[in-house]
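The values are calculated or read from the model by the stated rules, or taken from the named source; none is laboratory data. On a predicted model such as this, the values are computed, not experimentally measured, just so you know. Here the Cβ positions follow ideal geometry from the backbone for every residue, glycine too, while neighbour counts run over all protein chains shown.
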């Protein structure tokens, strides 16, 4: 930004007065250059900054005047963080205190207050009644219990306690990726796997012993032979100890998820 009190040199009959307490000097003749530099300085400073932002965001001026109802400059600002952008927030306060962010906590909001968010994230009338969706649907009531495509409320997903997973429509990593929609909830799971067991005394693998978790389950010898456990050889039975009886989880870092509107 321009320091106008330094930049503007052609003042009026108040020499030494600091801007803006000055008088403008009219130019003596076209292109004379002896008038106060108000218009050029203001236009270059303010319009230049707006043009630089638009250039940075890839916008070309459309030759249409700016207005309250339609502003290309505002469109460029919105494009920096478009409605529907989700971020992780580590602040102690609610992120809604910082303007146009709202935390994802399963609440219903008025559609009229969040038109850009609804336009970006609404799951569509065809999916609005689908029970699989955990958010981004319309309802008749603020409690989010009665789904209605013409309702005045928009329900946000509840992100508390959950981790995000990248969308994988090809199913190459997420086996359910091809059938998932935003913001689907996916249940926790533990993939089929084997446990390696080492003798605590010798440090060796116990040879040709059957190691099982529960009576009746099919188990394997270490060399690949399947057997069915009858509960007799209790000395060979191994039960996995749980570090937490309530969930299987990844190591994680707590945060709050907020969405741009």
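Within the stretch 171-190, identify whether any single residue is exposed (fewer than 11 other Cβ atoms within 10 Å of the Cβ), modelled with pLDDT of 95 or more and farther than 14 Å from residue 86 by Cα, and answer yes or no.
Checked the stretch 171-190: no residue is exposed (fewer than 11 other Cβ atoms within 10 Å of the Cβ), modelled with pLDDT of 95 or more and farther than 14 Å from residue 86 by Cα.
When you go through (1) over 21 Å from residue 184 (Cα atoms); (2) free of Cβ contacts under 8 Å to residues at least 40 places away in the same chain; (3) within 15 Å of the chain's Cα centre (by Cα) one by one for residue 120, which number turns out not to apply?
Condition (1) is where residue 120 drops out.
Residue pairs, Cβ under 6 Å, 6 or more apart or interchain, first in the stretch 81-105 and more than 19 Å from residue 115 (Cα to Cα), second modelled with pLDDT of 90 or more and not in a strand (DSSP E or B). List them.
As it stands, the answer is 88/255; 89/95; 90/255, since those pairs meet every condition given.
Checking the condition touching a strand residue (DSSP E or B) at 6+ places or on another chain (Cβ under 7 Å), assigned to a loop (DSSP other than H, G, I, E, B), assigned by TED's automatic domain parsing to the domain that holds residue 260 and closer than 26 Å to residue 167 by Cα, which residue from 102, 123 passes?
123
Does the stretch 134-143 include one or more residues that are surrounded by 13 or more Cβ atoms within 10 Å (Cβ to Cβ), assigned to a loop (DSSP other than H, G, I, E, B) and at pLDDT below 90?
Yes.
Within the set of pairs 6 or more residues apart or between chains, which connect a residue that is under 14 Å from residue 79 (Cβ atoms) inside the stretch 44-68 to a residue that is in a loop (DSSP other than H, G, I, E, B) with Cβ atoms less than 8 Å apart?
As it stands, the answer is 54/60; 54/61, since those pairs meet every condition given.
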